[in-house]
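This report refers to the structure that appears directly beneath it.
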Amino acid sequence: MTALEKAFAEAAAAGITQQKIDIGGLRVNVARFGKGPPLLLLHGWPEFWLVWRPLMLRLGDSFELIAPDLRGCGDTGKPTPGPDASATAERHALDMFAVMDALGHDGFGVIGGDLGAYVMQAMSHRQPQRLTGTLYLCTPYPGLGHRYGQPGHLIEVWYQYFQQLPWAAQLVGSSRESCRLYFRHFLDHWSGDDPAVFGDLLEAYVDNFMKPGNIQGGFDWYLSSAPNRRLWLEGKLPAQPRIDVPSRFLWGRRDPLIAPEWSDRLKDYWSEPSIRFVETGHYVHAEAPGIVAEEASGFFGKLINRTGAR
């Protein structure tokens, strides 16, 4: 049994199920657990649904947790065999609405960070009436502006350019050892250089990324988002209306990728954001699942009680 198979077996023993949902030519793998009002969990990069297991087990008594592998990631389908520049935030948003349609959920809350946070913003602009609320974790957003590409920060974002190269996935996946070295860097460094956060799951992550197409599937996000990322760095990204969906933010004080002080422009993009800073790195949900569960229960609980949403 591989490390990934063992992790899946442990999740299944705890009651987490996985199923495939067909949505117009894409087969999406979805993990589910719990009963109650639905919460959609959107992972970032380099993650897949398994990163949500600790949070799912903490919230299952109060919510139905729905954790898909995003397009190109995990056990969700790979629409093209090579690099694909169509995996934009808007495309991911349409995928997620289709998944929730298939599961019979018209309204729902969303939790996510990193890539998932981009998708949440796209969903909030496209169909805000369907979102009960949104809980963001260490969030990239246009307000980062040129700061995200300043000289002192380039050491943290080099990978976003490397991963656009057509041979990058082949190089990273040329051996299990090269795959392990590459992804261990991001798992450990973004956790505040604490190897204990993902230590028990490192080999499961390597198993995941050594599956055919999974490295390129994740890299496709950086290929697809490059045009908009350049526009925001240049201050030329077209403005969109502020998001009115009730939104709560959790931000790691030790996040090396998205500095907590860069949250200063949230009010330019959200109508009424509220924020809490926590003593974590980038992976708030993996480093402090208890805090995220506490915040989710309080935030979504109040919204559901106020609106009567189910």
- Item | Dimensionless Rg over Rh [the stretch 1-63; C-alpha; Kirkwood] | 0.97
- For the chain, what is the mean residue ellipticity at 222 nm derived from helices alone (per DSSP H run of n ≥ 4: -39500 (n - 2.57); sum divided by total residues; nearest 500 deg cm²/dmol)? -11500 deg cm²/dmol
- Task: Please tell me which of these pairs span more than 27 angstrom C-alpha to C-alpha: LYS35/LYS78; LYS35/LYS211; LYS236/LYS302; LYS6/LYS78?
- Result: LYS35/LYS78; LYS35/LYS211; LYS236/LYS302
- Message: Starting from the Kirkwood Rh over alpha-carbon pairs, what translational D in µm² s⁻¹ does the stretch 101-197 have by Stokes-Einstein at 20 °C and 1.002 mPa s?
- Response: 131 µm²/s
- Note on the structure: A 1.4 Å probe over the protein heavy atoms gives the chain a carbon and sulfur accessible-area percentage of 52 percent
- Task: Taking only the C-alpha atoms, wrap a convex hull around the stretch 1-145 and report its volume per residue in Å³ as a whole number.
- Result: 121 Å³
- Task: Compute log10 of I(q)/I(0) for the stretch 80-144 with the Debye formula, placing one identical point scatterer on every Cα and leaving out solvent, at q = 0.21, 0.23 Å⁻¹, to two decimals.
- Result: -0.87, -1.00
- Message: Students often check this: by mean Cβ neighbours within 10 Å, which of 290-297, 229-236, 108-115 ranks highest, and how do the rest follow?
- Response: 108-115, 290-297, 229-236
- Would you work out which of ALA122, ALA102, SER175 lies farthest towards the positive end of the dipole of the stretch 96-178? Charges go on Cβ: Lys and Arg +1, Asp and Glu -1. ALA122
- Gain upon complete extension [GLU10, LEU181; 0.36 nm per residue less C-alpha separation]: 59.0 nm
- Probe 1.4 Å, heavy atoms of protein chains only: per residue, the accessible area of the chain in Å² is 41 Å²
- Query: What percent of all Cα-Cα pairs in the chain falls in each 20 Å bin, counting up from 0?
  - Reply: 35, 62, 3
- Task: Wrap a convex hull around the Cα atoms of the stretch 136-292, take a quarter of its surface area, and give that in square nanometres.
- Result: 9.9 nm²
- Message: Two decimals, Cα atoms only, Kirkwood Rh: what is Rg/Rh over the stretch 162-222?
- Response: 0.97
- Item | Relative contact order %, the chain, counting alpha carbon pairs below 8 Å whose residues are six or more apart | 22 percent
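The values are calculated or read from the model by the stated rules, or taken from the named source; none is laboratory data. This one's a predicted model, so the numbers in the text were calculated from it and none came from an experiment. Methodologically, a virtual Cβ is constructed for each residue, glycine included, from the backbone with ideal geometry; neighbour enumeration extends over all protein chains shown. In case anyone asks, the SASA skips ligands and DNA or RNA and just uses the protein heavy atoms, side chains included. Shrake-Rupley method; radii C 1.70, N 1.55, O 1.52, S 1.80 Å.
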